[in-house]
Amino acid sequence: MSTQPDQIPLSALQHWHYCPRQCGLIHLEQVFDENVHTLRGQAVHAKVDKPGVETAKGVRVERALPLWHDALGLVGKSDVVEFLPGGVPYPVEYKHGSRHKAADIAACDDVQLAGQAMCLEAMLGKPVNEGALFYASSKRRRVVPVTAELRALVVQTAEAIRQMFAVAVLPPPLPPAKAAVRCKGCSLQERCQPQTAQVNFVAARAALFDPDA
């Protein structure tokens, strides 16, 4: 009998931290819609999604490298992995927009990058203590230390997503204050109907504690 956990896409780590409901729509219900933000993201990934190896300034660079972590059940692929002296891998994740994102939004990207780093460690047996996010609009990198706290967050997030798969229930919408910021740019807003879902969720929760319901 296999003891390996169900596989979690690395991209789901970012989706979950941006919005668990968005993660559920994409990875549980398998639906996805395009908008200007997703199309820009595809344009950014057009080159790095093509597998290949090159050398730049003495550093071996691999694009679209398959990644996995059997113990955590993580699977996916990198945008770019640079192999530093000694063969130490350095993951670089490409994102559209500027690196000057709000801290809580940027943290969603950090979890995905940390997941890639942990996969590379498991695959290659070399420590990966740092990676970077490259933002297309500003054409600048933001270095991300892969800390113990970030590693723990990857493990916790993978388990939360796995629990969602197990119960097969779409998570509730974000609280109104957070939804006001994050739902605006989400391509799944029409499918999600966060305002309606929020009302239904609040009513159901109230009924749960109503002895006359």
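The values are calculated or read from the model by the stated rules, or taken from the named source; none is laboratory data. In this text the structure is predicted, and so the values were computed from the model without any measurement. Cβ atoms come from the backbone with ideal geometry, glycine included; neighbour counts cover every protein chain shown.
Looking at the stretch 146-165, which of the residues that are free of Cβ contacts under 8 Å to residues at least 60 places away in the same chain and among the small types (Gly, Ala, Ser) is nearest to ALA12 (Cα to Cα)? Even if it seems obvious, please write down each step before you answer.
Here is the first cut: in the stretch 146-165, the ones free of Cβ contacts under 8 Å to residues at least 60 places away in the same chain are 146-153, 156, 159, 163.
Filter once more, keeping what is among the small types (Gly, Ala, Ser): 148, 152.
Numbers: ALA148: 20, ALA152: 16 Å.
That would be ALA152.
Based on what the data block shows, is TYR94 of a type in the set (Phe, Trp, Tyr), over 14 Å from the mean Cα position of the chain (by Cα) and over 23 Å from LEU28 (Cβ atoms)? Here the answer is no, as TYR94 does not meet what is asked.
The criterion of at least 2 residues that are modelled with pLDDT of 95 or more is met, among helices (runs of 4 or more DSSP H) falling completely within the stretch 141-213, by 148-167. Taking residues in the stretch 54-75 that are closer than 19 Å to GLY86 by Cβ, and partners anywhere that are among the small types (Gly, Ala, Ser) and assigned to a loop (DSSP other than H, G, I, E, B), the pairs with Cβ atoms closer than 8 Å and at least 6 places apart or on different chains are GLU62/SER78; LEU65/SER78.
LEU150 satisfies every condition listed in (1) of a type outside the set (Lys, Arg); (2) farther than 17 Å from ILE105 by Cα; (3) crowded, with 16+ Cβ neighbours inside 10 Å except (2).
For PRO91, the conditions (1) touching a Leu at 6+ places or on another chain (Cβ under 9 Å); (2) farther than 19 Å from ALA12 by Cα all hold with the exception of (2).
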